[in-house]
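Colleague: Could you have a look at this structure, given as structure tokens, before my questions?
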Amino acid sequence: MAGIPGWSGRLYEDFTVGDVYEHPLGRTVLAADNVWFTLLTVNPNSIHFDAHLASQTEWGRPLVDSTFTLALVTGLSVSDISQNGVNLGWDEVRLPAPVYEGDTIYAQSEVIALRASKSRPQQGLVTVKSIGFNQDGVVVIEFKRTILVHKRGHAPARTRPVVQK
């Protein structure tokens, strides 16, 4: 029996301004995620890993590192937005509400601009506005992101080895 290829992401021609992608996966943030991310990024702000100090703040508990939230929401959107491209930048990043350990984060993105690349005719630029929200529907992050996306017929081939029987 022949295999059926899985989803390999959108190409430039698949995007339309105004489309909204409700990214299918959510991700619960663990205490380990927060501590490890602050360690990996050498972020010494105790608000992220010192529960005693954090208990004395207006939030009363550790806050999840905001750059983890940015990375998480970006990651949740990859299969719909940037599977066939590369990030060129993030703009207008806003954090309207905190993220706490134990929150589950979901995301959606709206296509807000498209244009063919002048310097790379096999690619185009896609700009999206993404939001991340928690299990209560509270928006915790919003940002714009521009991606350089391959046009149809120009994406790298996705080949896999053949299973030996």
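No value in this document is a laboratory result; all are computed from the given coordinates. Note that the coordinates shown come from a computational prediction; the quantities given were computed from them, not determined experimentally. Note that each Cβ is placed from the backbone with ideal geometry, even for glycine, and that neighbours are counted across all protein chains shown.
Colleague: Which of the residues belonging to segment 117-137 are of a type in the set (A, V, I, L, M, F, W, C) and within 12 Å of Phe15 (Cα to Cα)? Please lay out each step first, then the result.
Modeller: Of segment 117-137, the ones of a type in the set (A, V, I, L, M, F, W, C) are 125-126, 128, 131, 133.
Within segment 117-137, Leu125, Val126, Val128 qualify.
Colleague: If you don't mind, there's one more thing I want to ask. Would you mind telling me which numbered condition in (1) surrounded by 14 or more Cβ atoms within 10 Å (Cβ to Cβ); (2) touching a residue at least 12 places away in the same chain (Cβ under 8 Å) Ala54 fails?
Modeller: For Ala54, the failing item is (2).
Colleague: Can you name the strands (runs of 3 or more DSSP E) wholly within segment 73-165 that have at least 2 residues being surrounded by 13 or more Cβ atoms within 10 Å (Cβ to Cβ) and out of contact with any Gly (no Cβ under 9 Å at 6 or more places or on another chain)? Steps first, please.
Modeller: On the way: elements: 85-94, 104-116, 123-133, 139-150.
Correct list: 85-94, 104-116, 123-133.
Colleague: Considering only residues that are of a type in the set (Val, Ile, Thr) and not in a loop (DSSP other than H, G, I, E, B), look in segment 25-71 and name the one that is nearest to Ala107 (Cα to Cα). Reasoning before the result, please.
Modeller: Going through segment 25-71, the residues of a type in the set (Val, Ile, Thr) turn out to be 28-29, 35, 38, 41-42, 47, 57, 64, 67, 69.
The next check asks that each one be not in a loop (DSSP other than H, G, I, E, B); those that pass are 28, 35, 38, 47, 67, 69.
Numbers: Thr28: 12, Val35: 22, Thr38: 22, Ile47: 25, Thr67: 15, Thr69: 11 Å.
Among those that are of a type in the set (Val, Ile, Thr) and not in a loop (DSSP other than H, G, I, E, B), it is Thr69.
Colleague: Next question, about the same structure. Could you identify the single residue in Phe37, Phe68, Phe49 that is of a type in the set (A, V, I, L, M, F, W, C), without any contact (Cβ under 8 Å) to a residue 24 or more places away in the chain, within 16 Å of Val99 (Cβ to Cβ) and touching a helix residue (DSSP H, G or I) at 6+ places or on another chain (Cβ under 8 Å)? Before you say what the answer is, go through the steps one by one.
Modeller: Working: Phe37 fails: without any contact (Cβ under 8 Å) to a residue 24 or more places away in the chain; Phe68 fails: without any contact (Cβ under 8 Å) to a residue 24 or more places away in the chain.
Within the list Phe37, Phe68, Phe49, the selection yields Phe49.
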